[in-house]
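Read the structure below first, then the notes.
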Amino acid sequence: MGMNGTKNGSSHAPQDLKLWRENMGFSIEEACALLEVERAQYESWESGAAPTPRYAALACAALALGIKA
């Protein structure tokens, strides 16, 4: 189970991902660019249609801490 009790290696619930994006002040397009994913993939994570992969959750955490590659 992930950090919030989700399964399949996901450590972000869909509402967490949306909250992260909104708190960071990012549009969906900006979040996609920063995470280097297609919009359809990001939207599937944010809607809960697909689990957020651990690498994306870690990238969100790093960005929230001001860490950029």
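What the table shows:
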{"item": "Residue that is farthest from Ala57 (Cα to Cα) [pool: residues in the stretch 7-38 that are surrounded by fewer than 17 Cβ atoms within 10 Å (Cβ to Cβ) and either among the hydroxyl-bearing types (Ser, Thr, Tyr) or modelled with pLDDT under 85 (or both)]", "result": "Ser27"}
{"item": "Residue ranges of helices (runs of 4 or more DSSP H) in the stretch 22-69 with at least 3 members of a type in the set (D, E, K, R)", "result": "39-47"}
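The values are calculated or read from the model by the stated rules, or taken from the named source; none is laboratory data. All values reported here derive from a predicted model rather than from experimental measurement. Because the Cβ atoms are built from the backbone with ideal geometry, glycine has one as well, and the counts that use them run over all protein chains shown.
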